[in-house]
Amino acid sequence: MTLSATAALLLSNGEHTVSNRFKSTAALAAVLISIVAGSASAETARIFWKDLRPATQPAAESVGLPMVAAKMPDRGETLSVNLRDKAIQLAGYALPLDRDGDLVYQFLLVPWTGACSHMPTPPPNQIVLVTPARPYRMSQAYQPVAVTGALEPGMEKSQLFILDGVSVIQSGYTVRKAEVTDVDLVPDTITLPANAPWSFLNKKKN
């Protein structure tokens, strides 16, 4: 074998070895990413609206809509600190705060349709201020969605622009950089009375 042929063979073998190492490294990285993603998914807790309020606080069904904070001893400001910084998924209805056309940059997640607009506002511990990780395309107000992210207890005030002016809404929780997905229904939704303005948005319970 000539010197040039030998050199070419060594170079080819070297490239083949590097290629195999690269493929092996890429495969290992893919496996690790998959494991981490699976672990993160497994650690996300699916919660319900009752988990955000004290066990002694009655649900809206038992006190009749609307559930008004002023009627509660703590004005609905008692929060669940057990969920602080935990990755959760919560389904509810999205009410836009900051939007550009159909792109929504921030919204309130509420437990029933019509809340905060044409119907009294739920207590703070039944409202979540959500900032999506990327603008969320919303087709309608009170669109049913599932929000996934780290839940942070803490009072926040937001300005909600409605037809008859501006309303200041106090939320008890915040989820930033949230993943938002459409859902067909909200499992623990409250069915509105037939004469409610937003009754056409009623969703069936599981």
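The values are calculated or read from the model by the stated rules, or taken from the named source; none is laboratory data. Note that this is a predicted model, so its numbers are computed, not measured. Surface areas here come from the heavy atoms of the whole protein model, side chains and all, with no ligands, DNA or RNA. Shrake-Rupley method; radii C 1.70, N 1.55, O 1.52, S 1.80 Å.
Some points to look at:
- Accessible area (Å², 1.4 Å probe, nearest 10) - Arg134: 140
- Heavy atoms of Thr174 accessible to a 1.4 Å probe, total area in Å² rounded to 10: 10
- Residue-by-residue Karplus 3J(HN,Hα) for the stretch 90-104, coefficients 6.51, -1.76, 1.60, Hz, glycine and proline x: 9, 9, x, 10, 8, 10, x, 10, 10, 9, 9, x, 9, 8, 10
- Under 5 Å between amide hydrogens, built in the peptide plane, is the criterion, and for Gln143 it picks out Ala94 among residues at least 5 positions away or on other chains.
- Thr44 accessible area, assembled protein chains, probe 1.4 Å, Å²: 40
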